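Below is one structure, written out as structure tokens, with a few remarks after it.
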Amino acid sequence: MEHSPPPFFNRGPAPLVRLAFFASLSLALLVLDARFRYTEGLRSVLALAVYPLQSLATVPAALADRVSGYFASQSQLREENAALRAKLLAASQAAQRYEAAQAETGQLRRLVGAAERLPLKATAAEILYNGRDPYSRKIVIDKGSRSGVRAGSPVVDENGVVGQVTRAHVLSSEVTLLTDKQQAIPVQVVRNGLRAVAFGAGSNGMLELRFVAANAEIQNGDKLVTSGIDGTYPPGLPVATVARIERDAAYAFARIVCQPAAGVENGGYVLVLDGEAKRLPYPEEASQERDKRSGKTRKPRRKDADAAQ
């Protein structure tokens with residue numbers, strides 16, 4: 001059974017005629033638009049009418065781009081932040097090394113200047129570490145008997161006396177600091193020439209002048225230097241500054257606390273002085289040398305002769 005369209009839909013031109021008509025109309029519109037641009041206004045109206053639809057159609061793509069860009073930027077920011085932190089840490093370490101090297105260079109320059117001012121031969125040494133005994137104030141330096149360091153040699157820095165070599169090995173030496181309780185050094189007040197003996201006070205890093213009369217002419221701020229009478233330290237080396245004086249009428253001696261002039265607890269380099277040629281001969285040794293030079297032989301004393309018999 002065949003079905004045919006109702007008579008209403010059969011009215012009008014044939015489909016082929018319609019196709020030809022609309023094709024011709026399209027070509028005509030294309031030619032007119034290309035030559036005379038008659039449809040510019042219509043195109044603008046249509047573009048304005050469909051713009052909301054175009055914007056709505058691009059929303060999902062724009063949203064996806066923004067989300068992916070957000071996560072990509074977050075990841076990139078994390079990587080850049082980690083890289084910047086690594087660079088900052090490296091720069092901080094480099095700055096610290098530079099400051100340490102600059103401080104070390106400054107100390108070495110001051111040590112060189114101090115060595116040039118000293119009349120004795122001086123050997124520069126680096127401090128390796130502190131002593132093992134917590135109850136003593138000692139350091140170990142990297143110069144020993146191979147470099148001419150001997151036990152008893154004074155040790156100074158650019159500011160003053162640090163201590164004394166108490167044990168010399170082949171490649172290293174042990175230095176006892178002035179602040180050690182077993183150390184004592186003869187000093188002299190620069191202002192009036194008063195002589196005294198400074199003893200180490202131990203862990204507090206200070207010095208004490210002991211057996212000084214309560215009425216002695218000494219005051220806060222007085223500079224103390226080596227007197228040189230012990231034959232170990234050359235005279236005139238800075239030792240300490242008087243920091244506090246306690247006088248009590250009930251005691252014959254005053255308690256005088258002094259601040260060391262040298263960086264006994266700081267610094268990385270010191271100077272070891274050659275103490276062999278600085279000690280003056282004692283009177284008997286000097287007279288014997290004079291007798292040897294003049295060709296005379298000194299007669300032994302009666303006590304010496306009796307002792308020999």
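At what distance in angstrom do the alpha carbon centres of region 15-89 and region 195-211 lie from each other?
91
Could you tell me the calculated FRET efficiency between N130 and A72, based on Cβ-Cβ distance and R0 = 51 angstrom, to the nearest 0.05?
The calculated FRET efficiency here is 0.40.
Using θ = phi - 60° and the Karplus relation 6.51 cos²θ - 1.76 cosθ + 1.60, list the HN-Hα couplings for region 87-93 in order, rounded to whole Hz, with x at every Gly or Pro.
Calculated HN-Hα couplings, in order: 5, 5, 5, 5, 5, 5, 5 Hz.
What order, most packed first, do the peptides 154-161, 225-232 have when packing is the mean number of other Cβ atoms within 10 Å of each residue?
154-161, 225-232
Out of residues 5 or more away from K138 or on other chains, whose amide H comes under 5 Å of its own, with H placed 1.01 Å from N in the peptide plane?
Excluding prolines and chain starts, which carry no amide H, the hits are G131, L177.
Sequence-distant or interchain residues sharing an amide H contact under 5 Å with R191, placed H: which?
K223
How large is ³J(HN,Hα) for each residue in region 59-72, as worked out from phi by the Karplus curve 6.51 cos²θ - 1.76 cosθ + 1.60 (θ = phi - 60°), to whole Hz, x for Gly and Pro?
Ordered by residue, 3J(HN,Hα) equals 4, x, 5, 5, 5, 5, 5, 5, 5, 5, x, 4, 5, 5 Hz.
Where nothing but the Cβ of Lys and Arg (+1) and of Asp and Glu (-1) is charged, how large is the charge dipole of region 152-221 around its Cα centre, in debye to the nearest 20?
200
Which trypsin sites (Lys or Arg not before Pro) in region 195-259 sit in a loop by DSSP (not H, G, I, E or B) and have at most 16 other Cβ atoms within 10 Å of their own Cβ?
R247
For V162, list long-range residues whose amide hydrogen, built 1.01 Å from N in the peptide plane, is under 5 Å from its own amide hydrogen.
V155, V156, D157
With point charges of +1 on the Cβ of Lys and Arg and -1 on the Cβ of Asp and Glu, referenced to the Cα centre of region 150-274, which listed residue (G200, F253, G228) lies farthest in the positive direction of the dipole?
The residue sitting farthest along the positive end of the dipole is F253.
Hey, fewest Cβ within 10 Å first, where do E174, E217 land in order?
Ranked by crowding around the Cβ, least crowded first: E217, E174.
Only the coordinates and a few stated rules stand behind these numbers; no lab work does. It should be emphasised that the depicted structure is a prediction, and the values quoted were computed from it without experimental measurement. Virtual Cβ from ideal backbone geometry, glycine too; neighbours counted across all protein chains shown.
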